[in-house]
Amino acid sequence: TRYKVKGYPCLLILLPDGTEVFRRMGYSRGTAEARIQTLQTDVSKASEAWKKRKIDLGKSGFRNWSDRSGGVFFAKALRRDDQQAVLIDPFRRVFRVPLVRFSHESLVDLLDGLKAAPAQE
């Protein structure tokens, strides 16, 4: 329903944030190899579109953060206190991360970039 698919087969290629990049409706004639090549080209274009989208999001404060185990996540820091940071991902999901989980470099960036919220009584 969300993508208004009106017939089958329908192939949608979406960015991780749900943005539709390509739509293929109906049966494609030709060899299986030709269809696979077309699909690979579409996926490559979608990958490039996501890279551009991440650059645009970076202009509004989104960036890659890393944790102590080497994991990387893409989000924007909203605020922090002495114990945790509040971030938002490109899908508008808000989540909290304890400061002890950030890598040293990410923690330094976070502490430099966001003032701590005042203590609540």
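The values are calculated or read from the model by the stated rules, or taken from the named source; none is laboratory data. Given the structure is predicted, the values throughout are model-derived calculations rather than measurements. Every residue, glycine among them, receives a Cβ derived from its backbone with ideal geometry; neighbour counts consider all protein chains shown. Side chains included, ligands, DNA and RNA excluded: accessible areas come from the protein's heavy atoms. Shrake-Rupley method; radii C 1.70, N 1.55, O 1.52, S 1.80 Å.
Looking across region 55-78, the residues that are more than 21 Å from SER103 (Cα to Cα) and either open to solvent by 50 Å² or more (accessible area, probe 1.4 Å) or assigned to a strand (DSSP E or B) (or both) come down to ILE55, ASP56, LYS59, SER60. Only one of the numbered conditions (1) of a type outside the set (A, V, I, L, M); (2) within 18 Å of the chain's Cα centre (by Cα); (3) surrounded by 11 or more Cβ atoms within 10 Å (Cβ to Cβ); (4) not in a strand (DSSP E or B) is violated by ARG92, and that is (3). For GLN84, the conditions (1) of a type outside the set (A, V, I, L, M); (2) touching a residue at least 12 places away in the same chain (Cβ under 8 Å); (3) out of contact with any strand residue (DSSP E or B) (no Cβ under 8 Å at 6 or more places or on another chain) are fulfilled apart from (3).
State whether the residues of region 15-32 include one that is among the aromatic types (Phe, Trp, Tyr) and in a loop (DSSP other than H, G, I, E, B).
The initial filter retains those residues of region 15-32 that are among the aromatic types (Phe, Trp, Tyr), namely 22, 27.
Adding the requirement that they be in a loop (DSSP other than H, G, I, E, B) leaves 27.
There is at least one residue in region 15-32 that is among the aromatic types (Phe, Trp, Tyr) and in a loop (DSSP other than H, G, I, E, B).
Checked against (1) open to solvent by 90 Å² or more (accessible area, probe 1.4 Å); (2) of a type in the set (A, V, I, L, M, F, W, C); (3) not in a helix (DSSP H, G or I), ILE36 meets all criteria but (3).
Rundown of residues vs (1) part of a loop (DSSP other than H, G, I, E, B); (2) over 16 Å from LEU14 (Cα atoms); (3) open to solvent by less than 80 Å² (accessible area, probe 1.4 Å); (4) modelled with pLDDT of 95 or more, yes/no style:
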{"residue": "GLN40", "(1), (2), (3), (4)": "no, no, no, no"}
{"residue": "ALA49", "(1), (2), (3), (4)": "no, no, yes, no"}
{"residue": "ARG53", "(1), (2), (3), (4)": "no, no, no, no"}
{"residue": "ALA85", "(1), (2), (3), (4)": "no, yes, yes, no"}
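The lone criterion from (1) open to solvent by less than 60 Å² (accessible area, probe 1.4 Å); (2) at pLDDT 90 or above left unmet by PHE22 is number (2).
Within region 87-114, residues that are over 12 Å from TRP65 (Cβ atoms) and of a type in the set (A, V, I, L, M) have Cβ atoms under 9 Å from residues that are open to solvent by less than 80 Å² (accessible area, probe 1.4 Å) and part of a helix (DSSP H, G or I) in these pairs: VAL100/LEU107; LEU111/LEU99, counting only partners at least 6 apart in sequence or on another chain.
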